[in-house]
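A.B. asks: Sharing a structure, written as structure tokens. Questions coming.
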Amino acid sequence: MAALVVSFFEWFGELGMFCRRLAHALFVPPYEGRELVRQLDSIGSMSLPLVAMAGAATGVVLSLQTRDSLARFGAKSMLPAVIIFSIIKESGPIITALVVSGRVGAGIGAELGSMKVTEQIDAMEVSAVDPYKFLAATRVIACIAMLPLLTVAANFCGVVMGWLSTTLAQPVSFRYFLESGLKGVTFDDYLPPLLKTTVFGLIIGVVASFQGMRTQGGTEGVGRSATSSVVLCSLFVILADVLLVRLILVFFP
Amino acid sequence: MRNNEESPIVIDDLHKSFGEQNVLNGIDLVVHGGETLAVLGRSGTGKSVLLKLIVGLQKPDTGSIRVLGQDIARLDGDRLNEIRKKIGFLFQSAALYDSPTIEENVAFPLARHTRMSEGERKSRARELLSAVGMESGLEKLPSEISGGMQKRVGLARALALDPEILLFDEPTAGLDPITASEIGKLILVEQKKRNITSVVVTHEIHSAKIFADRFVLMNEGKILADGALDDLRESRNEFVAEFLREAA
């Protein structure tokens, strides 16, 4: 038990030191423009199909589940608003972050872990190239930049598929669905949840890079890093969501 | 008698431990300019740790390591990187980057630290690869070539910035005797051509005989013998005699 407590605090201590070096790499030039573009592509465009599918599925499920509930209370006309509000305020951002935690978190954890155990990170360091700048900072920035864009895509697919699912049960035009759903929506409803995904991106980039770069113990260690990256990214995203939702409710009541 | 102060690598009373395990236990070592020093010893005696300390990948517990006149343990950031640009390092596993091609691997340090155009970098990478006997298949990925070829590419990458010091971690380990001998000769040729100071960590005395001017034998974190191979053979230390007998 004591060892578990010690390793818990050790992990946070190491994370703190990692963040200090990462902050230096993020804010002090030169910047790794070409590698950043590669990571934006790898993290952004490669995650798009998965995120779009997850968003679409969420839209369909929301439509199917809420339809019956609303019908019981005689509020079926509220269906478009419920679907759109649910998607843009919570489902879209959190589903996107969890999907990216899985795909990108595992990818970064395994890739950097593999580079660590095969001494590629050491090779980079002795070549006078800062691995925090080249490997970690580029991935963190790419995650921060791509999460909101992927969320927009997930939201769009969710709304479209929510409409499609609704209209299959009871025909309704897409224009009416949107007008009805967006009637009470303001920027205060849309922007804060979208911007909170930058925090999710920060969490995914930092935790996955940290887990990858501290890998030890050969291929088994790489597997452990990939798994722990996904688990920790998902966990911290959910915990951060609780805090951020509370903050959003305070500042945008 | 050479002046130690001018030597590229001067190590004084170096100690390093990991947890309760003492890996290096008072190492004193001077590597003179232009010589090739082979560090011999059994696996796990701290030879690779010594190389990582020389290049600043790890920090010593006590003692000092002066590399090209600078105390490497006290340097950080840009000042450490300035020294590292003058050091080439060939890792035991070659440590080539997975995703770039062979040619891009060699061009990587050039892209980072020179103002060469892409064409010039390509040309220089090809020249270096040709020098180590790699003239074709340069667009292949490291995973698509043999271990011996990976070592050659690693050597070309280590030579890319015209280093003053070369560090080799088990350059011939895991290779068949013919390839190991070829790599050994390659190290000798490149070292003599460029007059680079080299430290080669190895447990394979046959390969070391090809390229080394001087040998040190380590055991339990200490240097037991230092000199030419004949000097080591005359050592009365029991471990030295046993190591040389078993390695012969």
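A.B. asks: Can you give the average number of partner chain beta-carbon atoms within 10 Å of each beta-carbon in peptide A:115-125, as a whole number?
C.D. replies: Partner Cβ neighbours, averaged per residue: 6.
A.B. asks: Greater than 31 Å separation of Cα atoms is the criterion. Which listed pairs, A:133/B:193; B:122/B:209; A:116/B:85; B:52/B:192, meet it?
C.D. replies: From A:133/B:193; B:122/B:209; A:116/B:85; B:52/B:192, over 31 Å: A:133/B:193; B:122/B:209.
A.B. asks: Determine the sum of side-chain charges near residue B:13: Lys and Arg each +1, Asp and Glu each -1, restricted to other residues whose C-beta is under 11 angstrom from that of residue B:13.
C.D. replies: Taking every other residue near residue B:13 into account, the sum is -3.
A.B. asks: Still on this structure, please answer the following. Convex hull over the Cα atoms of the range A:114-253, averaged projected area in nm²?
C.D. replies: Taking the Cα atoms of the range A:114-253, their convex hull projects to 11.5 nm² on average.
A.B. asks: I've got another one for you. Estimate the FRET efficiency between residue A:17 and residue A:180 by the formula 1/(1 + (r/R0)^6), using the beta-carbon distance for r and 51 Å for R0, to the nearest 0.05.
C.D. replies: My answer for the efficiency is 0.45.
A.B. asks: Taking amide hydrogens as modeled 1.01 Å from N in the peptide plane, which residues meet the under 5 Å criterion relative to residue B:225, leaving out close sequence neighbours?
C.D. replies: When sequence neighbours closer than 5 places are left aside, the close amide H contacts are B:217.
A.B. asks: Let's test the formula: R0 of 41 Å, r as the Cβ-Cβ distance of residue B:61 and residue B:245. What FRET efficiency results, to the nearest 0.05?
C.D. replies: In this case the efficiency is close to 0.75.
A.B. asks: For the protein assembly as shown, just the Cα set please: Rg and Dmax, both in angstrom.
C.D. replies: That works out to 28.8, 100 Å for Rg and Dmax.
A.B. asks: From the gyration tensor of the Cα coordinates in chain A, what semi-axes in whole Å does the equivalent ellipsoid have, largest first, with each one equal to sqrt(5λ)?
C.D. replies: 39, 18, 17
A.B. asks: Another one. I'd like to verify something in chain A: which complete DSSP H helices, judged by Cα projection on the helix axis, reach 18 Å or more and average at least -1.0 on the Kyte-Doolittle scale?
C.D. replies: Helices passing the filter in chain A: A:2-27, A:48-72, A:138-169, A:187-213, A:218-251.
A.B. asks: Check which residues have an amide H placed less than 5 Å from residue B:98's amide H, if you skip close sequence neighbours.
C.D. replies: Here the answer is none, since no amide H 5 or more places off falls under 5 Å of that of residue B:98.
A.B. asks: Next question. What's the exposure ranking of A:122, B:28, A:189, going from fewest to most Cβ atoms within 10 Å?
C.D. replies: Going from least to most buried by this count: B:28, A:189, A:122.
A.B. asks: Given contacts defined as C-alpha pairs under 8 Å and at least six residues apart, what's the relative contact order of chain A, whole-number percent?
C.D. replies: After rounding, I find 32 percent.
A.B. asks: Shifting gears a bit: Which shape class, rounded, prolate or oblate, goes with the range A:167-213 when its Cα gyration tensor gives a ≥ b ≥ c as root eigenvalues, a/c under 1.5 marks rounded, and past that a/b bigger than b/c marks prolate?
C.D. replies: Note, shape of the range A:167-213 comes out oblate.
A.B. asks: I'd like the trypsin sites (Lys or Arg not before Pro) in the range B:100-131 restricted to DSSP loop residues with at most 15 other Cβ atoms within 10 Å, sorted by number.
C.D. replies: Qualifying residues, ordered by number: B:115.
A.B. asks: Can you give me the long-range amide H partners of residue B:200? Hydrogens built in the peptide plane at 1.01 Å from N, cutoff under 5 Å, separation of 5 or more residues or another chain.
C.D. replies: Sorted by chain and number, the residues that satisfy this are B:37, B:38, B:39, B:168.
A.B. asks: Taking the range A:18-71 on its own, what percent of its Cα-Cα pair distances exceed 17 Å?
C.D. replies: It works out to 64 percent of all Cα pairs.
A.B. asks: Can I ask one more? Mind sorting B:68, B:159, B:51 by how few other Cβ atoms lie within 10 Å of their own Cβ, fewest first?
C.D. replies: Final ranking by Cβ density, sparse to dense: B:68, B:159, B:51.
A.B. asks: I need B:143, A:225 ordered by Cβ neighbour count within 10 Å, fewest first.
C.D. replies: Sorted ascending by nearby Cβ count, the order is B:143, A:225.
A.B. asks: Next up: Give me the one-decimal nm value for the distance between modelled label points at residue B:181 and residue A:31, 7 Å along each residue's Cα-to-Cβ direction.
C.D. replies: Computed distance between label sites residue B:181 and residue A:31 equals 5.5 nm.
A.B. asks: Cα to Cα, under 28 Å, and not fewer than 8 places away if on the same chain: which lysines meet these conditions relative to residue A:183?
C.D. replies: Residue A:183 reaches A:76, A:89, A:196.
A.B. asks: What is the Cα convex hull volume of the range B:117-248 when expressed per residue in Å³?
C.D. replies: Enclosed volume per residue, from the Cα hull, is 124 Å³.
A.B. asks: Ok, one more. Among A:206, B:211, B:54, which residue has its Cα furthest toward the positive end of the charge dipole of the protein assembly as shown, with +1 on Lys/Arg Cβ and -1 on Asp/Glu Cβ?
C.D. replies: A:206
A.B. asks: For the pair residue B:209 and residue B:237, what calculated FRET efficiency results from E = 1/(1 + (r/R0)^6), where r is the Cβ-Cβ distance and R0 = 30 Å, to the nearest 0.05?
C.D. replies: Plugging the Cβ-Cβ distance into 1/(1 + (r/R0)^6) gives 0.90.
A.B. asks: Ok, one more. Please give the charge dipole size of the range B:59-103, origin at the Cα centre, charges +1 on K and R Cβ atoms and -1 on D and E Cβ atoms. Round to the nearest 20 debye.
C.D. replies: So the magnitude is around 240 debye.
A.B. asks: Loop only per DSSP, at most 16 neighbouring Cβ atoms within 10 Å: give me the GluC sites (Glu not before Pro) in the range B:130-211, ordered by residue number.
C.D. replies: Sparse-neighbourhood loop GluC sites (Glu not before Pro): B:135, B:139.
Read-outs throughout are calculated quantities, based only on the coordinates presented, and are distinct from any laboratory measurement. Values in this document were obtained by computation on a predicted structure and should not be read as measured data. Positions of Cβ are backbone-derived with ideal geometry, glycine not excepted, and every protein chain shown enters the neighbour counts.
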